[in-house]
Structure formats: C-alpha cells, structure tokens
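Presented below is the structure to which this report refers.
The values are calculated or read from the model by the stated rules, or taken from the named source; none is laboratory data. Keep in mind that what you see is a predicted model, and the values were worked out from it rather than measured. Because the Cβ atoms are built from the backbone with ideal geometry, glycine has one as well, and the counts that use them run over all protein chains shown. Areas reflect the complete protein model, heavy atoms only, side chains present, ligands, DNA and RNA absent. Shrake-Rupley method; radii C 1.70, N 1.55, O 1.52, S 1.80 Å.
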Amino acid sequence: MATAEQREAGQDDAESEDEVYEVVDLTEYARRHQWWSRVFGNNSGPIAEKYSVATQIMMGGVTGWCAGYVFQRVGKIAATAVGGGFLLLQIANHSGYVQVDWKKVEKDVNKAKKHLKKKANKAAPEINTFIEEATDFIKRNIVLSSGFVGGFFLGLAS
C-alpha cells in the first residue's frame with residue numbers, strides 16, 4: 001500500500017502532466033463580444049425600438065448628408081491631386097526631364113493586378129463577418145439606413 005505522502009506526490013505529478021489549457025477561438029469571441037456592447041451596453045438594440053420614425057429618418061438624413069458632403073470634398077481633393085500628379089509626370093516626360101519606361105510600368109501594373117485578384121479571392125473571414133453584421137444592422141434599422149442613404153446622396157449633390 002502507498003503512504004499518504006506517496007499518493008500526494010503521485011497526484012501532484014499527474015496534475016502537472018495533465019494541465020488543462022483553454023483554447024480560445026478569436027472569431028467566435030469577436031462575434032459574441034462586439035465592440036458596441038462595450039461602448040453602449042448590452043441593451044443597445046435596434047434604434048426602431050427607441051425613437052419614432054420621423055426622428056430616425058432625420059438622424060439618418062443628417063448623418064448621411066454630412067458623410068456625403070465630406071466624401072464629395074475629399075473625393076474632389078484626391079482626384080485633383082492624382083490628376084495633377086499625372087499631368088506633371090506627363091509634362092516632365094514630354095520635356096525630357098523624366099524618362100519613363102512604359103513597358104516596365106505596364107508589366108508591374110499587370111503583376112499587381114494578378115496579385116490583387118489572388119488576394120481578393122481569399123477574402124478574410126473578418127471581412128465576411130463585418131459584412132454580415134452590417135447587413136444585419138441595416139435590416140434591423142431600415143428606416144435609419146434609408147434616411148442615411150438619402151442624405152448621403154443629397155450631400156454628394158450639394
């Protein structure tokens with residue numbers, strides 16, 4: 001028969017060999033613990049439950065208009081910068097200041113396109129999860145979302 005000390009020593013050895021580790025799946029954890037639950041609390045359900053239809057349309061329209069207006073301004077600035085840079089490059093090339101190897105540029109662009117197509121076909125699961133969450137949000141808050149879209153187009157037009 002084993003003494004109490006021998007049994008305790010054997011039990012300690014068994015515990016150290018059979019340590020249990022919890023494996024955490026980060027994608028499941030992210031699905032269960034969304035960032036807005038930490039910010040707004042667990043009872044932040046659909047907006048349709050909290051505000052009237054007119055208020056939702058107004059909130060969506062105002063935020064959409066602001067986003068559209070900013071998108072329009074930033075888009076114009078970006079288009080001007082890219083177009084101006086290309087124009088300066090063409091003028092410098094025509095004047096002889098810069099020698100551009102267009103065949104190499106075309107080859108590099110085609111190589112980059114192939115690389116992007118490969119990466120696009122292997123969309124990350126986080127992107128798919130984000131798209132699913134956004135679609136779910138839009139479905140739950142259809143009035144707010146439609147107000148946002150209308151406001152966004154008005155902001156682009158103004």
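Which sequence of T80, T135 reflects their accessible areas, 1.4 Å probe, from the largest down?
Values: T80 100, T135 60 Å².
Order by accessible area, largest first: T80, T135.
Each residue of the range 74-81 in order: what ³J(HN,Hα) in whole Hz does its phi give by Karplus 6.51 cos²θ - 1.76 cosθ + 1.60, θ = phi - 60°, with x for Gly and Pro?
Couplings: 5, x, 5, 5, 5, 5, 5, 5 Hz.
Note the count of lysine pairs whose C-alpha atoms are less than 26 angstrom apart in the range 59-157, limited to pairs 8 or more residues apart or on different chains.
Eligible lysine pairs with Cα atoms under 26 Å apart amount to 20.
With only alpha-carbon atoms counted, please give the Rg and Dmax of the range 94-158, in Å.
Cα-based Rg and Dmax for the range 94-158 come out at 21.2, 60 Å.
If packing is taken as the average number of other Cβ atoms within 10 Å across a peptide's residues, how do 68-79, 142-153, 107-118, 52-63 rank, most packed first? Mind showing how you got there, number by number?
Values: 68-79: 12.4, 142-153: 19.0, 107-118: 10.0, 52-63: 15.7.
So the order, starting with the most tightly packed, is 142-153, 52-63, 68-79, 107-118.
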